[in-house]
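One structure below.
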Amino acid sequence: MMKFLPLSLVGMTLLLSGCVTNPADCDPTAGDVSIITKFNCNYSGTYDNRIEQKKAILGNEQALNKEFKAVLAAIEKEKQQTNASLKTQQANQRALNQSMTNLLNQIRQKTKGQNDIQKQINDIDKQMKAAQNNPSKSVMEKQLELENLQNQVISLQSDLGLK
């Protein structure tokens, strides 16, 4: 019986020392782990805790990824709308320029010899060309230019007695 006592103490000591497991020792990517450590990691729930932690991290990363995708989709949509708006604006600008050029050419033909009207027409034409050559102006500057141009055209219309 004496012989079993030291042997049983050694066995109990090994068993109890095996129960004390460091969670870092339960990392399956850490390399070779002893069978006792694997058993203790499984028995103590460390593997299960690690799985739950990894699932939580994965869930957080997936939610973050979803937010990134939503932001990128919103940016793409805004970019497409801006491009469409810009194309519409450019088409409107071309239509305005064509219409204005036609109007000014007709008025030039009808008012040959009237230097004051020809000067007004030339001023409007210069202003139109200046606006075409500087497309990087802000919206407010563009609106002020168009308002000024509108006033000049109204003035020209009034001078021609066409009101």
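The values are calculated or read from the model by the stated rules, or taken from the named source; none is laboratory data. Here the structure is a predicted model, which means the values were calculated and not measured. FYI the Cβ positions are ideal-geometry reconstructions off the backbone, even for glycines, and counts take in every protein chain you see. Please note that ligands, DNA and RNA were not included when accessible areas were found on the heavy atoms of the full protein model with its side chains. Shrake-Rupley method; radii C 1.70, N 1.55, O 1.52, S 1.80 Å.
How many residues are open to solvent by 100 Å² or more (accessible area, probe 1.4 Å) and aromatic (Phe, Trp, Tyr) when one looks only at the stretch 43-82?
Total meeting the criteria: 2.
Applying the selection to the stretch 4-42, what residues are open to solvent by less than 70 Å² (accessible area, probe 1.4 Å), modelled with pLDDT of 70 or more and either touching a Phe, Trp or Tyr at 6+ places or on another chain (Cβ under 7 Å) or of a type in the set (Val, Ile, Thr) (or both)?
Cys26, Thr37, Cys41
Here are Ser138, Ser85: which of them is exposed (fewer than 10 other Cβ atoms within 10 Å of the Cβ) and of a type in the set (Ser, Thr, Tyr)?
Values: Ser85 fails: exposed (fewer than 10 other Cβ atoms within 10 Å of the Cβ).
Only one candidate passes the filter, namely Ser138.
Give the residues of the stretch 88-107 that are within 16 Å of Ile154 (Cα to Cα) and surrounded by 12 or more Cβ atoms within 10 Å (Cβ to Cβ), sorted by residue number.
Result: Leu96, Met100, Thr101, Leu103, Leu104, Ile107.
Test Ile154 against the stated conditions and say whether it is assigned to a helix (DSSP H, G or I), open to solvent by less than 70 Å² (accessible area, probe 1.4 Å) and touching a residue at least 12 places away in the same chain (Cβ under 8 Å).
no
Among Gln89, Gln81, which is more than 19 Å from Gln132 (Cα to Cα) and of a type in the set (S, T, N, Q)?
One residue alone meets the criteria, Gln81.
Mind listing whichever residues of the stretch 114-135 are open to solvent by 70 Å² or more (accessible area, probe 1.4 Å), modelled with pLDDT under 85 and not in a helix (DSSP H, G or I)?
Pro135
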